[in-house]
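Values quoted throughout were computed directly from the atomic coordinates according to the rules given, and no laboratory measurement underlies them. Source: prediction; values computed, not measured. When we count neighbours, we look across all protein chains shown, and the Cβ atoms used for this are built from the backbone with ideal geometry, even at glycine.
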Amino acid sequence: MRKRPPFAVVLILAVAASASTWFYMNRILVAHQVAEAAAHNRPRGNLSDLYPRWLGTRELLLNHRNPYSREVTQKIQQGYYGRTLDPSNPEDPKDQQAFAYPVYVVFLLAPTVDLPFATVQAGFRWLLVALAVADVFLWLYILRWKASIRYTLIFMILMLGWIPMVQGLKLQQLTLLVTALLAACGACLAAGWLGMAGVLLALSTIKPQLTWPIVLWLLMWAASDWRKRHRFFVGFGIVIVMLLGGAELVLPGWVGMFLDAIRQYREYTRGEALLVVLFGAVAGYVLQFLALLATGWCLWQLRRESADSESFGRSFSLVLALTLILLPMSALYNQILLAPALLALVRCEYFQESTEHVGGSARIVGGFLFVWPWIATLGLSLAYVWMTPGFRGRVVQLPFYSSIAMPVFIFGLSLLDTWMNSANHATGLRDAESPE
């Protein structure tokens, strides 16, 4: 093995990197956003992504009001932004903060509707911190990597100081809850608790745009060995039917309302997939199709793999990385889905499993894109005392420069790694089946 730096050095670097992210977000980025809002008379309220879902839940369950209605949306805006948005004001935010979730999200938030939002917000933030720490253990378990306590600690520190995670924590984004449910689902599969895994996967569909690829893959995986894996399908099926049916009981006709809310969300956010942003519409959609095709081939080769195998962990992480390529939006907090793919690639480096199929240059570029936000936040944090408002405005976006290319690059590296693994797996099966 290559000589590795002393643990104390790695720990100090990890703490410094994570601390710089929080300092940057709280003292540099927020200060810039507040100044910009004041200069352009933009509203700033609680800015919690949990608030629209919480208030929509409260309005539906306590006041029997349609959470997708214009009236509830305006009430949400009064809390989220501090006032109702003015469509005629070009300086006002475009995101309406409407209730654009499946209505069955109210079943998860129902226990909180009688509490003040400040209490719910604080409790949810600490819940997300705990889930972020748990994610590290769950992803390592799924990938079958028995990392030492020391390096697990490093991963936890970096996870809590990773800029997508920090943004998600500050916004109280439900993406972090969904990611934790997916990690728990994968860990239950690896442990042989197939029914519970199906339950957790069903609950994760509160953000269907993040979960439909992994749902399709896991259902195909379960169908590939029905006799042994049918409990997963049963657990998923029962809970998803209960969620859909319960949602119809509390708000009849909600599916059409939800689809209309999604359509409006797409219109006012004008989100585009990462490949479309990087390469244009035609090339971007062609590359999306090729990514789907290549991923599908890999998954087909691995569909019979046991859930407690390293290959299954790789397939799980690949599908989540693919999800970011397909998403018609580029919100930074969604990059939390890359965590297992990143850990899988780090594992390859740690055990020197990378071969010529993933060239050294590609790994160096991918690694640089990943660590760039920490390089930038550390540099900006050190320069903070000399930073004037004008200079801050020019450099404040530096940590985000790699945010579009990094998911594409990590997906590509993960695809190559899984492709070679699935090709070797297919070769091994052919050799095993060939006559002596």
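In this simple spin-label model, placing a label point 7 Å from the Cα along the Cα-to-Cβ direction at both E310 and Y268 gives a separation of 4.9 nm.
Taking the chain as a Gaussian network of alpha-carbon nodes connected by springs under 10 Å, the highest mean-square fluctuation of the residues A180, A37, A197 belongs to A37.
Hey, what D do you get for the chain in µm²/s if you plug the Kirkwood alpha-carbon radius into Stokes-Einstein at 20 °C and 1.002 mPa s?
Calculated translational D: 92 µm²/s.
Computed over the Cα atoms of the range 196-255, pair by distinct pair, the Kirkwood hydrodynamic radius stands at 12.1 angstrom. Please identify, among N89, N66, N421, the residue showing maximal mean-square fluctuation in a Gaussian network model of the chain using a 10 angstrom Cα cutoff. Most flexible of the set in this elastic network: N89. Membrane-span-like helices in the chain (whole DSSP H runs, Cα extent of at least 20 Å along the helix axis, mean Kyte-Doolittle hydropathy of at least 0.0): 7-23, 117-142, 174-191, 208-223, 226-250, 281-302, 310-326, 360-382, 405-433.
Most fluctuating residue of E349, E310, E272 in a GNM of the chain with Cα springs under 10 Å: which is it? In the Gaussian network model the winner is E349.
Shape class of the range 163-303 from the alpha-carbon gyration tensor: oblate, with a/c at 1.5 or above and b/c at least as large as a/b.
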